[in-house]
Amino acid sequence: MIVGLPKEIKDNEYRVGLTPAGVRALTDAGHQVVVERTAGEGSGFEDGLYQKAGAQILGSADEVWARGEMIVKVKEPIKPEYPRMREGQLLFTYLHLAPDKPLTEELLKRKVTGIAYETITDRRGGLPLLTPMSEVAGRMAIQVGAHYLEKMSGGRGILLGGVPGVPAARVVIIGGGVVGTNAAKIAVGMGAHVTIIDNNLERLRELDDIFLSKISTLASSAYMIHDAVSQADLIVGAVLVPGASAPRLVTRSMLKDVPNGAVIVDVAVDQGGCIETTHPTTHSAPTYYVEGVLHYCVANMPGAVPRTSTFALTNATLPYALRLANRGFFEAIAIDAGLKAGVNTYAGHCTYEAVATSQGLKYTPLDELIGTSSAKTA
């Protein structure tokens, strides 16, 4: 298989889809890898490292997309990349389609096989390819929040951990999954007063044990969320419904009671955000205010620490990329139900129910399409 590795073009996105070690694993398995010139420089990987790993360096994104039978990326394609996609091409990346109908429509129109990192599951029902970036984003949420709480950065002028005789900042984390847990680790380590809100009581019990009662836990309800955020200095949105748009749990009216200069970091922005006033921002223009509350809603937070993120991501994605390359699409999804769950679009059809529901599209189970496909041997 010919694997294409283009350079990311999203605002200030410095990650790359594969490390040189990942490229080496693919070339050792007999595949060709074509890499766009300077694709890895943002993560500290010069073109020479990819060449030593067996890749061919190409001068433009157009060439990489044209040659690649499978395109391995980090972030979803954006508008300039749409014309490069073609029928039957495998696109292996984060897609986050639920809030992005234009991209969904392009994938369907161009009959691209879109395999989304964020909906691939493991045998326990976990999300193994979302986990590493959720870990990064969760930990970053606290250091970003601490920065923006500083007065010169637009916040209340509060030190996250306080000092003797002065209370620590109050951090409210909405969602107790991977993002929320990692955010709590950093916030607790910095000495903040941390509250985690979740609708799963068993998960709250687990978190109470993990943190040895160093955090407070609350069962999710509109009343408890409103009460908690009205006293918060830093609010972290960490809600995930796999493949679907995030529920809006903090409403605009609730923000009227949040202290002026408090900070929101909505990590759920990739899936539309769990704060009603959330809209995606970029590393170039990361913040805005609503009701006197500073919002940080950068949709590619881990791109700010690309070397860490690229290593962590390739560690998780490479086994799946190898499986797709070695066995081909049909055999790979036949032997791995978790990989099959990652297929969001195929042959012009939406094959992931949560995306279809979010966008009012027709949902077609992948099995129905594969059963009638004449391309099974492709």
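Annotations for the structure displayed:
- Potential lengthening between Glu331 and Leu369 on full extension [0.36 nm per residue; Cα-Cα distance subtracted]: 12.2 nm
- Euclidean distance between Cα centres, the stretch 1-32 to the stretch 144-170, Å: 40 Å
- For Lys256, the lysines whose Cα comes closer than 21 Å to its Cα, not counting residues fewer than 8 places off in the same chain, are Lys151.
- Annotation: the antiparallel percentage among DSSP beta bridges lying fully within the chain is about 20.
- For the stretch 37-51 versus the stretch 218-244, the spacing of their alpha-carbon centroids is 40 Å.
- Straight-line cross-link reach from Lys362 at under 20 Å between alpha-carbon atoms covers these aspartates and glutamates, not counting any fewer than eight positions away in the same chain: Glu87, Asp100, Glu105, Glu106, Glu353.
- Over 23 Å (Cα to Cα) - which of Lys79/Lys109; Lys75/Lys101; Lys79/Lys340 fall in this group: Lys79/Lys340
- With both residues required to sit in the stretch 46-186, DSSP beta bridges show an antiparallel share near 10%.
- Lysines whose Cα lies under 27 Å from that of Lys214, excluding same-chain neighbours fewer than 8 positions away: Lys185
- Cα gyration tensor category, rounded, prolate or oblate, for the stretch 131-304 with a/c compared to 1.5: rounded
A short reminder: the numbers here are calculations on the coordinates, not readings from a lab. All of these numbers come straight from a predicted model, not from anything done at the bench.
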